[in-house]
Amino acid sequence: MSTKRSGEFEDAAQPAKEIKLETPEVEPPKTGSKTKVLVQNLTNKVKEADLAKLFADNGLSVTRINKPNGRSTATLHCPSVEAAEAVAKLLDATPDIARGQLKCRVLKPRDQMQQAVIDEAENGSDGEPVDLALAIANQTTPLWKRPYFSQLFRKRDYTFKQLNSVTETVMGIRGVKPESLAKVQWLRDLSKVKMTERNAGIAAAKQRRIEALAEVGLPPYEELKARNEPISPETLEIVKSIHARIPAPFHDNAPCHVLATVPSPVLDGYRNKCEFGFGTDADGQPTLGFMAGKFSRGTVTVGPPDLCRHVSPVAKALVTAMRDHVRSHPQWPVYNRVTKSGVWRLLVTRTHASGENMVIVQYDPTGLSDEAKAELRRGLCDLFPTTVSADSPVPAIRSLYVQESTDLHNGLNPALPFHLIQGEPHVYENLLGLRFQISPNSFFQANTRGAERLYAIVRRWAMGQDSPYTLAVDREDPLRYFKGAADEEDAIAAARLEAERVKRDAQLEIDDAAATAAAVPSDAVLLDLCCGTGTIGLSMAGAFRRVVGIESIPSAIEDAKLNAAANGITNVTFHAGRVEDLLPKQLTELRAEAETRGVPSTAVAILDPPRPGLDASAISAVRTCAAISRVVFIACDLKSSKSNIVDLCRPPTNKFPGEPFRPVRAVPVDLFPHTEHCEVVVELVRDPEAPKAEPEAKGQKIEAEAEPEKVEPEAEA
Ligand SMILES: C[S@@+](CC[C@H](N)C(=O)[O-])C[C@H]1O[C@@H](n2cnc3c(N)ncnc32)[C@H](O)[C@@H]1O
């Protein structure tokens, strides 16, 4: 139960010191790098114009002044460290602008890699309006300026919070009798811990935090606060990350251990599928990219993906080619979402590590003659050829599709036909040694290398085994990174650490795969629920007696069957339909099979629901299926789908019969670097001491007596 007293940490979620961690060598910053001066304790009367005059009178170069009216702080952008130091010196020597003691701090310059990106944003790229590119990057990848280790901590923190709230929700479910709650073993384990034990745990965590902070040269957070001085965003970021990394045990009511976030093997250009909308840029020029802001708030300006770290260079090249094509064909205007007129609507790129690329262009055919449509399609075929010369800026496109749409809804419409206008109908991608066919409308994980890591963990956990990979990441000493963040020289050390980690990760993945290959296949049946095109079930078929995939979209099931045949996998069956409808029949088959074999049949379920989670009836079907002894739940949005975990773990009722599950471990896996999103894997097993089902209560909420004792937030900042 989080009892955070103030929003200080959240307020401090500023971009931390920008350190590139993913390449081994980082040059130390040059003194000529751009930097900022943070000023505090200015009098309210001082305006931006006063400061500008002061600097001009003294011949000092300040490129931008930001002093919000009525505030005592200012941020001054300077072209070099020397200029910033001269500015700070001048301000120190100008007492009449200060309220009490003026404080000036020259920020360390950004490291070279980030600087290059920022320079591009500030100086323009390819003629696009610069601020727009930056705004788009900030919007689509809001964490892109944070060091990667800080992004990983943030995602673990998020997982903790969501799992805490699973416990709290189960404790507060309407109508469940307190004695039923008290019989649920995982809740008992949480609540039986006495206050003294909890406080002892909290005291130990507090001490570990103090030691961790001391190692990076910082005092305890309480001491920092007691100084009554502003704490820099960088310092707060470090404190916050250390506190998140060393949670107060028992104070956090997460029902299981949350392992450290597993990093993505690729940090840049990792998305294999991107959707770019057409529109106009800030100068009214036709373009495509991402919308700057929300259409619902009246924004229609579209900006380029140039600075978006998650978009691959290949996709960016396709966007540039398409933009130039649109600008040179004014007879076909871009679609205007306000007037609902125009032609070009959407460009979807599917660019794969296999080197096979697909492009889908959506346009509005309204008012276009058959000749005009044929000409438009011919133009696209010329723009995206199937073979290209070695020096071509755009790659070869294996599959080129168009979709005609007059929908109000933006995006590809799976119900409308996709017309193949050039090349082959499918592209292929390799994943964990298997080859998967991808159609224009197929779901495929957006980060292929990240998905391999995710599936390898799921496979180990589904087999009831540890993943050497997650354990190694969890054991890693996080302070290595904080030490790296302490000063610029250490930024180089931190980058080396990161390079070491990438190398070690590659080896761990090999070890993980070898351990899986060496393991005796489980006698259990693997139920791949919400299987999409079967990637998870197929990649685990070798580890289980047989695999059953269930998916509600029939075309995905057709792809799954083709993928099984193409990879020579014969111990799988795929069924089109809803989990809640088809699972009971599987249960009957399992029973019949058990009778024939003369041994009880057990099943392990992989549950990979869509973002909002599954309907409660599907969860009820899983609970009812007594043969399912273990569930590996994969949440692409844990906040939205955690009610499924609640329903798996709550005491039995008529609506949710069967033994409840208990979460045993969880791990966030970062498939979406620089964004707030991550996948979370939770392993659940049956709770052996479950109470009997009781009728589902309708009506008022009954407070659970067995609510865990509240603990004073001793170790919380
Ligand atoms: C996050 S995707 C997972 C796809 C697949 N496991 C993979 O990794 O490629 C969720 C899938 O659940 C399917 N789905 C949604 N509701 C369902 C239901 N009630 N029964 C079966 N499948 C469902 C969706 O069509 C979608 O393919």
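The values are calculated or read from the model by the stated rules, or taken from the named source; none is laboratory data. Everything numeric here is computed off the predicted structure, so don't read it as measured data. All Cβ positions, even for glycine, are placed from backbone atoms using ideal geometry, and neighbour counts span all protein chains on display. Accessible surface areas use protein heavy atoms only, side chains included; no ligands, DNA or RNA. Shrake-Rupley method; radii C 1.70, N 1.55, O 1.52, S 1.80 Å.
State all residues of the range 518-533 that are more than 8 Å from the ligand (Cβ to nearest atom) and not charged (D, E, K, R); if no residue qualifies, say none.
Let us first name the residues in the range 518-533 that are more than 8 Å from the ligand (Cβ to nearest atom), namely 518-527.
Ala518, Ala519, Val520, Pro521, Ser522, Ala524, Val525, Leu526, Leu527 - these are the residues of the range 518-533 that are more than 8 Å from the ligand (Cβ to nearest atom) and not charged (D, E, K, R).
Kindly provide the set of residues from the range 568-602 that are of a type outside the set (A, V, I, L, M, F, W, C), away from the ligand (no atom under 16 Å from the Cβ) and on the phi < 0 side of the Ramachandran plot, ordered by number. Working first, answer last.
Keep residues of the range 568-602 that are of a type outside the set (A, V, I, L, M, F, W, C), which gives 568, 570-571, 573, 575, 577-578, 580-581, 584-586, 588-589, 591, 593, 595-598, 600-602.
Adding the requirement that they be away from the ligand (no atom under 16 Å from the Cβ) leaves 568, 570-571, 588-589, 591, 593, 595-598, 600-602.
Once the filter is applied, which keeps residues that are of a type outside the set (A, V, I, L, M, F, W, C), away from the ligand (no atom under 16 Å from the Cβ) and on the phi < 0 side of the Ramachandran plot, the range 568-602 yields Thr570, Asn571, Thr588, Glu589, Arg591, Glu593, Glu595, Thr596, Arg597, Pro600, Ser601, Thr602.
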- prompt: When only residues in the range 470-499 that are surrounded by 23 or more Cβ atoms within 10 Å (Cβ to Cβ) and of a type outside the set (A, V, I, L, M, F, W, C) count, which is modelled with the highest pLDDT?
  reply: Thr470
- request: Looking for whichever is in a helix (DSSP H, G or I), within 9 Å of the ligand (Cβ to nearest atom) and not charged (D, E, K, R) here; the options are Ile536, Ile550, Ile557. Which one fits?
  value: Ile536
message: Filter the range 512-541 down to the residues that are among the acidic types (Asp, Glu) and open to solvent by less than 10 Å² (accessible area, probe 1.4 Å) and list them by number.
response: Asp512, Asp528
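Would you pick out the residues in the range 440-474 that are over 21 Å from Thr516 (Cα atoms) and either more than 13 Å from the ligand (Cβ to nearest atom) or without any contact (Cβ under 8 Å) to a residue 24 or more places away in the chain (or both)? Give the steps one after another, and end with the answer.
From the range 440-474, those over 21 Å from Thr516 (Cα atoms) are 440-447; that's our starting set.
Correct list: Pro440 only.
Just need a number here: residues in the range 591-612 that are in a loop (DSSP other than H, G, I, E, B) and of a type in the set (S, T, N, Q).
Residues in the range 591-612 being in a loop (DSSP other than H, G, I, E, B) and of a type in the set (S, T, N, Q): 2 in total.
Given the criterion over 21 Å from Leu143 (Cβ atoms), in a loop (DSSP other than H, G, I, E, B) and modelled with pLDDT of 80 or more, identify the matching residue among Pro265, Pro230. Outline the logic, then answer.
Details: Pro265 fails: over 21 Å from Leu143 (Cβ atoms).
That would be Pro230, the only listed residue that is over 21 Å from Leu143 (Cβ atoms), in a loop (DSSP other than H, G, I, E, B) and modelled with pLDDT of 80 or more.
Within the range 340-347, is even one residue part of a strand (DSSP E or B), touching a residue at least 24 places away in the same chain (Cβ under 8 Å) and within 27 Å of Arg449 (Cα to Cα)?
First, the residues of the range 340-347 that are part of a strand (DSSP E or B): 341, 344-347.
Within this subset, residues satisfying the condition of being touching a residue at least 24 places away in the same chain (Cβ under 8 Å) are 341, 344-347.
Those left that are additionally within 27 Å of Arg449 (Cα to Cα): 346-347.
Within the range 340-347, one or more residues are part of a strand (DSSP E or B), touching a residue at least 24 places away in the same chain (Cβ under 8 Å) and within 27 Å of Arg449 (Cα to Cα).
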query: From the list Ala248, Ala254, Ala244, Ala282, which one is at pLDDT below 90, small (Gly, Ala, Ser) and in contact with a strand residue (DSSP E or B) (Cβ under 7 Å, 6 or more places away or on another chain)?
result: Ala282
- prompt: Which one of the conditions (1) in a strand (DSSP E or B); (2) open to solvent by 30 Å² or more (accessible area, probe 1.4 Å) does Val359 fail to meet, given that it meets all the rest?
  reply: (2)
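Mind counting the residues in the range 304-332 that are over 16 Å from Leu380 (Cβ atoms) and of a type outside the set (D, E, K, R)?
From the range 304-332, those over 16 Å from Leu380 (Cβ atoms) are 304-316, 330; that's our starting set.
Applying the additional criterion that residues be of a type outside the set (D, E, K, R) yields 304-305, 307-308, 310-315, 330.
Matching residues across the range 304-332 total 11.
Is it true that some residue in the range 672-681 is away from the ligand (no atom under 14 Å from the Cβ) and surrounded by fewer than 21 Cβ atoms within 10 Å (Cβ to Cβ)?
Narrowing the range 672-681 to residues away from the ligand (no atom under 14 Å from the Cβ): 673-676.
Among the residues that remain, those that are also surrounded by fewer than 21 Cβ atoms within 10 Å (Cβ to Cβ) are: 675-676.
Within the range 672-681, one or more residues are away from the ligand (no atom under 14 Å from the Cβ) and surrounded by fewer than 21 Cβ atoms within 10 Å (Cβ to Cβ).
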- prompt: Can you pull out the residues in the range 542-554 that are more than 27 Å from the chain's Cα centre (by Cα) and open to solvent by 20 Å² or more (accessible area, probe 1.4 Å)?
  reply: Gly542, Arg545, Arg546, Pro554
Pair list, Cβ under 6 Å, 6 or more apart: the range 276-293 residue under 13 Å from Thr320 (Cβ atoms), other residue among the small types (Gly, Ala, Ser) and in a strand (DSSP E or B): Phe276/Gly289; Gly289/Gly303
- prompt: What residue, of Asp608, Asp615, Asp637, is touching a Cys at 6+ places or on another chain (Cβ under 6 Å), modelled with pLDDT of 90 or more and among the acidic types (Asp, Glu)?
  reply: Asp608
statement: Among residues of the range 603-612 being open to solvent by 30 Å² or more (accessible area, probe 1.4 Å) and touching a helix residue (DSSP H, G or I) at 6+ places or on another chain (Cβ under 6 Å), the residue nearest to the ligand (Cβ to nearest atom) is Arg611
- line: Looking across the range 407-436 at residues that are within 25 Å of the chain's Cα centre (by Cα) and among the polar types (S, T, N, Q), the single one that is least open to solvent (accessible area, probe 1.4 Å) is Asn413
task: Please find, within the range 613-664, the residue that is nearest to the ligand (Cβ to nearest atom) out of those that are more than 20 Å from Leu583 (Cα to Cα), assigned to a loop (DSSP other than H, G, I, E, B) and open to solvent by 10 Å² or more (accessible area, probe 1.4 Å).
output: Cys636
message: Against the condition out of contact with any Phe, Trp or Tyr (no Cβ under 6 Å at 6 or more places or on another chain) and either acidic (Asp, Glu) or at pLDDT 80 or above (or both), how does Ser180 come out, does it pass?
response: no
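Looking only at the range 397-406, filter to residues that are in a strand (DSSP E or B) and either open to solvent by less than 20 Å² (accessible area, probe 1.4 Å) or among the β-branched types (Val, Ile, Thr) (or both); which one of those is farthest from Ala353 (Cα to Cα)?
If we filter the range 397-406 for residues that are in a strand (DSSP E or B), which is where we start, we get 399-404.
Imposing the further condition that a residue be either open to solvent by less than 20 Å² (accessible area, probe 1.4 Å) or among the β-branched types (Val, Ile, Thr) (or both) reduces the set to 399-403.
Working: Ser399: 15, Leu400: 18, Tyr401: 20, Val402: 23, Gln403: 25 Å.
Out of the qualifying residues, it is Gln403.
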field: Filter result for Ala564 (over 19 Å from Glu659 (Cβ atoms), away from the ligand (no atom under 15 Å from the Cβ) and buried (at least 21 other Cβ atoms within 10 Å of the Cβ))
entry: no
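Does Gly217 fit the bill of being closer than 30 Å to Ile360 by Cα and among the small types (Gly, Ala, Ser)?
no
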